[in-house]
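Q: One structure, pasted below without further comment.
The values are calculated or read from the model by the stated rules, or taken from the named source; none is laboratory data. Since the structure is predicted, the reported quantities are computational estimates derived from the model, not experimental observations. As a convention, Cβ positions derive from the backbone with ideal geometry for all residues, glycine included, and neighbour counts pool all protein chains shown.
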Amino acid sequence: MQVTINGASAAVSNGLTVAALLVEQKVKWADMVTVELNGVILDRAAFGSTVVQPQDRIEFLYFMGGGAAGPGPRAEVRRP
Amino acid sequence: MKSLPDNLHWETAVLHGGREAAPGAGAAGAAIAQTAAFAYDTAAELEAVFAGRAAGFVYTRLGNPTVAQFERRLAALEGGRGAVACASGMAAISAAVLALAGAGDEVVAGRSLFGGTYALFNHTLRRCGITPRFVEATDVAAYRAALTDRTKAIFVETIGNPRLDVPDLAALARLAREHGVALVVDNTAATPALVRPQALGAALVVHSASKFLNGHGTALGGAIVDCGTFDWSGPRYPHLRPYFERARQLALLAYLRHQIGRDLGGCLAPFNAFLLSLGLETLAVRMERHCANAAQVADFLAAHPRVQELRYPGRAAHPDHAVAQRQFAGRYGALLTLRLADQAACFRFIDRLRLAQNLAHIGDTRTLVIHPASTICRDLTPDERRSVGVSDELVRLSVGLEHAPDLLRDLAQALAA
C-alpha cells in the first residue's frame, strides 16, 4: 500500500504497526525517532499497536544527530 | 555486520553491541569521526537533517557518530532510554540540573556531595537563582521535609565521595515519584557494574565518565542518561511541555540536546568518546578486580594500628553497609578513606607510598591517593568540609587493579614508623 513518509510517497507492506514500519523502512536509530502520524505525535507506547493505513502521512523526526525535532526551528522549515 | 544473538548479558552486549560498521576496510576497531561538522551534497539534504526529518549529524556540538556510539553503549549499560554525553562529569551535572531547574527553583541534595558538585550547587547555581537544600544524604525523611512545590530535582550520589555514604536509592525513588520530582543519581563511583539506578526508579543518571567508565585516566567526559522511568509531561516541568508535544518520551533527551547542549556547548570530544567507549568494554572485569582489591586493602587497613578509622561500605562497621550490600549485590566499589593521627601523618603516608599515585582523580587502573582537605576540598569552609566528611586527618584511596599483595606491601611500608 502507499503512504507518505517524510513528504515522499512510499510503498509499504499491508497491516504494519508503526514499530514494524520502523523495522521495514530500516529507520536509523529507531529508538530515538519520534513518529508523527497524520499530524499527531504518537506516544511510544502506541508504536506496537498502531496500524498504518493506506494514504497515511508519516513523519519520522530525528533529534539525536543534531536535527531539530524539538520545537522552534522545525516550525520555520517549509514542509514539502 | 552480523546480527547479534538475542538476550545477551550486558557484559557481552557491551563488547559486541552498539558498533556501527566503519566505512571501508572492515576495521574491527570503532571509527573516530574527528570532525567539527558534517557535509551534505545538496541544500535540501542539509535542510532535512536540520529539520529533523532525516537521520544525520550537523555539528559536533549537537551530535557526532563517535559520541553517539558512546551514548548508546552507556544508555544500554544503565538500562536507560538514551544518553547525552558531555565534556566532563561537571558539565553533565550542570546540564542535568539546568534541564530541570531555573531561577526560583530548588534542588534537594545530599550534604556529602563530591566537592565540585557541592560548589556548583552552593555557588554557581545559587547565583543563577537555583537554591540548593542540603540534607543528610542517607536520611529519606530529611529529603521529604525539604521538598517544596519549587523542588525540581533530588540529587544524590550512589556512593558519596569522599564520605562514602550510600543512600537508599529505591526509597528515594519512591519519595521522588510520590511528589512528581525527578531523582537524579550520580553513579560515578558505583557504575552500572554495581547498580543500575534505573531499576530502582531513578529518573536520570549522571556520570563523570572520566573515572571508572574510562578506567584508565586518559580522557575527560560525562553523560546524562534518561532512565525512561519518568513522565516529563508532569506539572513541575512546564518548560519541557513543548518538547513533550514534539518528542513524547524523548522530551528530556531532546531538551538536553537541543536547548541545554546547543546553548551551553559542553559537548564531548570525539576522540574522548572513542576512549570512553573502549573503557566501557572492560568495565565488568575491571570493577570485579577493583572491588576485590579494595576489600583486601580495607581489611588490611582496618587492622592496622596506625589507622584510626577505616571507612569502606563493604565493612560491617560502615553505617550504610546493609543498604550497600543490598543495593550493590555484595560489591562495594574501589573507594575507601582512612584516618591517621594528623595531617602530617597523612602527608608522610602519601609521600612514602611508591605505587599509589598522588593526584586528584579516582577510577584509574592504578591505585590513587589524595589528602582531600588540602587539595580537592581546600576551597570549602571548615563547616562545609565537615559536612562532606573531610577532615585534616583523612586520606582517600581509589584502589586500582594491581596484584593485591604488592599493594598491601606498599601500604604496610608507608604506614611503618
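Q: Just to be sure, is B:GLY389 touching a residue at least 60 places away in the same chain (Cβ under 8 Å) and surrounded by 14 or more Cβ atoms within 10 Å (Cβ to Cβ)? First the steps, then the outcome.
A: Working: touching a residue at least 60 places away in the same chain (Cβ under 8 Å): yes; surrounded by 14 or more Cβ atoms within 10 Å (Cβ to Cβ): yes.
Considered against the rule, which asks whether it is touching a residue at least 60 places away in the same chain (Cβ under 8 Å) and surrounded by 14 or more Cβ atoms within 10 Å (Cβ to Cβ), B:GLY389 comes out as yes.
Q: Moving on. Restricting to segment B:126-142, and then to whatever is in contact (Cβ under 8 Å) with a residue 24 or more places away in the chain and out of contact with any helix residue (DSSP H, G or I) (no Cβ under 6 Å at 6 or more places or on another chain), can you tell me which residue is surrounded by the fewest Cβ atoms within 10 Å (Cβ to Cβ)? Show your work before the answer.
A: Kept after step one, since they are in contact (Cβ under 8 Å) with a residue 24 or more places away in the chain, are these residues of segment B:126-142: B:128-138, B:140.
Now restrict to residues that are out of contact with any helix residue (DSSP H, G or I) (no Cβ under 6 Å at 6 or more places or on another chain): B:128-131, B:134, B:137-138.
Working: B:CYS128: 15, B:GLY129: 11, B:ILE130: 23, B:THR131: 19, B:PHE134: 20, B:ALA137: 24, B:THR138: 22.
Taking the candidates together, the pick is B:GLY129.
Q: Within segment B:234-261, track down each residue that is touching a Lys or Arg at 6+ places or on another chain (Cβ under 8 Å), more than 23 Å from B:ARG73 (Cβ to Cβ) and either modelled with pLDDT under 95 or charged (D, E, K, R) (or both). Write out each step before concluding.
A: Within segment B:234-261, the first condition is being touching a Lys or Arg at 6+ places or on another chain (Cβ under 8 Å), and the residues that meet it are B:236-237, B:246, B:248-250, B:253-254, B:261.
Then keep just the ones that are more than 23 Å from B:ARG73 (Cβ to Cβ); that gives B:236-237, B:246, B:248.
Of everything in segment B:234-261, those that are touching a Lys or Arg at 6+ places or on another chain (Cβ under 8 Å), more than 23 Å from B:ARG73 (Cβ to Cβ) and either modelled with pLDDT under 95 or charged (D, E, K, R) (or both) turn out to be B:ARG236, B:ARG246, B:ARG248.
Q: Which one is modelled with the lowest pLDDT, of the residues in segment B:381-417 that are in a helix (DSSP H, G or I) and under 30 Å from B:ASN122 (Cβ atoms)?
A: Start the filter on segment B:381-417 by keeping residues that are in a helix (DSSP H, G or I), which leaves B:382-387, B:404-415.
Those still in the list that are under 30 Å from B:ASN122 (Cβ atoms) too: B:382-387.
Numbers: B:PRO382: 88, B:ASP383: 88, B:GLU384: 86, B:ARG385: 88, B:ARG386: 87, B:SER387: 83.
Result: B:SER387.
Q: Can you tell me which residue among A:ALA10, A:ALA20 is away from chain B (no Cβ under 12 Å), buried (at least 16 other Cβ atoms within 10 Å of the Cβ) and either of a type in the set (A, V, I, L, M, F, W, C) or assigned to a loop (DSSP other than H, G, I, E, B) (or both)? Break it down into steps so the answer makes sense when it comes.
A: Values: A:ALA10 fails: buried (at least 16 other Cβ atoms within 10 Å of the Cβ).
Within the list A:ALA10, A:ALA20, the selection yields A:ALA20.
Q: Is it the case, given these coordinates, that B:ASP263 is within 14 Å of chain A (Cβ to nearest Cβ), over 30 Å from B:ARG174 (Cα atoms) and either surrounded by fewer than 19 Cβ atoms within 10 Å (Cβ to Cβ) or among the aromatic types (Phe, Trp, Tyr) (or both)?
A: Values: within 14 Å of chain A (Cβ to nearest Cβ): yes; over 30 Å from B:ARG174 (Cα atoms): yes; either surrounded by fewer than 19 Cβ atoms within 10 Å (Cβ to Cβ) or among the aromatic types (Phe, Trp, Tyr) (or both): yes.
In short, yes.
Q: Then there is this: For the subset of segment B:22-80 comprising residues that are in contact with a strand residue (DSSP E or B) (Cβ under 8 Å, 6 or more places away or on another chain), free of Cβ contacts under 8 Å to residues at least 24 places away in the same chain and under 22 Å from B:ARG246 (Cα atoms), which member is surrounded by the most Cβ atoms within 10 Å (Cβ to Cβ)?
A: Of segment B:22-80, the ones in contact with a strand residue (DSSP E or B) (Cβ under 8 Å, 6 or more places away or on another chain) are B:36-38, B:49, B:52-56, B:58-60, B:67, B:70-72, B:74-75, B:78, B:80.
Those left that are additionally free of Cβ contacts under 8 Å to residues at least 24 places away in the same chain: B:37-38, B:49, B:52-56, B:58-59.
From what's left, under 22 Å from B:ARG246 (Cα atoms): B:49, B:52-56, B:58-59.
On the way: B:VAL49: 21, B:GLY52: 30, B:ARG53: 24, B:ALA54: 20, B:ALA55: 18, B:GLY56: 20, B:VAL58: 18, B:TYR59: 15.
Looking at residues that are in contact with a strand residue (DSSP E or B) (Cβ under 8 Å, 6 or more places away or on another chain), free of Cβ contacts under 8 Å to residues at least 24 places away in the same chain and under 22 Å from B:ARG246 (Cα atoms), I get B:GLY52.
Q: A further question on this structure: Is it the case that segment B:300-309 has a residue that's under 30 Å from B:LEU407 (Cα atoms) and assigned by TED's automatic domain parsing to the domain that holds B:VAL84?
A: Taking segment B:300-309 and keeping what is under 30 Å from B:LEU407 (Cα atoms), we get B:300-309.
Next, from what is left, pick out any that are assigned by TED's automatic domain parsing to the domain that holds B:VAL84: none.
Within segment B:300-309, not a single residue is under 30 Å from B:LEU407 (Cα atoms) and assigned by TED's automatic domain parsing to the domain that holds B:VAL84.
Q: Looking at B:ARG378, B:ARG366, which is the one that is in a loop (DSSP other than H, G, I, E, B), in contact (Cβ under 8 Å) with a residue 40 or more places away in the chain and charged (D, E, K, R)? So that I can check it myself, show each step before the final result.
A: Numbers: B:ARG378 fails: in contact (Cβ under 8 Å) with a residue 40 or more places away in the chain.
Sole residue among the options that is in a loop (DSSP other than H, G, I, E, B), in contact (Cβ under 8 Å) with a residue 40 or more places away in the chain and charged (D, E, K, R): B:ARG366.
Q: Kindly evaluate B:ALA317 against the criterion of being surrounded by fewer than 17 Cβ atoms within 10 Å (Cβ to Cβ) and more than 21 Å from the chain's Cα centre (by Cα).
A: yes
Q: So, of the residues in segment B:86-115 that are of a type in the set (Gly, Ala, Ser) and in contact with a Pro (Cβ under 8 Å, 6 or more places away or on another chain), which turns out to be nearest to B:ARG126 (Cα to Cα)?
A: Applying the first criterion (of a type in the set (Gly, Ala, Ser)) to segment B:86-115 yields B:87-89, B:91-92, B:94-96, B:99, B:101-104, B:109-110, B:112, B:115.
Filter once more, so that each one left must be in contact with a Pro (Cβ under 8 Å, 6 or more places away or on another chain): B:109-110, B:115.
Details: B:ALA109: 13, B:GLY110: 16, B:GLY115: 15 Å.
Here the answer is B:ALA109.
Q: Looking at B:LEU252, B:LEU280, can you tell me which residue is in a helix (DSSP H, G or I), closer than 23 Å to B:SER208 by Cα and away from chain A (no Cβ under 14 Å)? Write out each step before concluding.
A: Numbers: B:LEU252 fails: away from chain A (no Cβ under 14 Å).
After ruling out the rest, the residue left standing is B:LEU280.
Q: On to the next question. What single numbered condition from (1) under 30 Å from A:ASP43 (Cα atoms); (2) surrounded by fewer than 21 Cβ atoms within 10 Å (Cβ to Cβ); (3) in contact with a Ser or Thr (Cβ under 9 Å, 6 or more places away or on another chain) fails to hold for B:SER233?
A: It is condition (3) that B:SER233 fails.
Q: Exactly one of these conditions fails for B:PHE114: (1) hydrophobic (A, V, I, L, M, F, W, C); (2) out of contact with any Ser or Thr (no Cβ under 9 Å at 6 or more places or on another chain); (3) within 13 Å of B:LEU380 (Cα to Cα); (4) surrounded by 24 or more Cβ atoms within 10 Å (Cβ to Cβ). Give me its number.
A: So the condition that B:PHE114 fails would be (2).
Q: For residues that are part of a loop (DSSP other than H, G, I, E, B) and facing chain B (nearest Cβ under 7 Å), tally how many sit in segment A:53-69.
A: Adding up the residues that qualify gives 7.
Q: Looking at segment A:23-52, which of the residues that are charged (D, E, K, R) and outside any helix (DSSP H, G or I) is farthest from the other protein chains (Cβ to nearest Cβ)?
A: Top of the filtered list is A:LYS26.
Q: Could you pull out the residue among B:ALA273, B:ALA294, B:ALA324 that is in the same structural domain as B:LYS211 (by TED's automatic domain parsing), in a helix (DSSP H, G or I) and buried (at least 23 other Cβ atoms within 10 Å of the Cβ)?
A: Numbers: B:ALA294 fails: in the same structural domain as B:LYS211 (by TED's automatic domain parsing); B:ALA324 fails: in the same structural domain as B:LYS211 (by TED's automatic domain parsing).
Every option except B:ALA273 fails the conditions.
Q: Determine which member of the set B:ASP299, B:ASP320 is farther than 30 Å from B:THR229 by Cβ and at pLDDT 95 or above. Show your work before the answer.
A: Working: B:ASP320 fails: farther than 30 Å from B:THR229 by Cβ.
Checking each option against the conditions leaves just B:ASP299.
Q: Select the helices (runs of 4 or more DSSP H) contained entirely in segment B:1-109, then report the ones holding at least 2 residues which are modelled with pLDDT under 95 and within 14 Å of chain A (Cβ to nearest Cβ).
A: Per the criteria, B:43-50, B:65-78.
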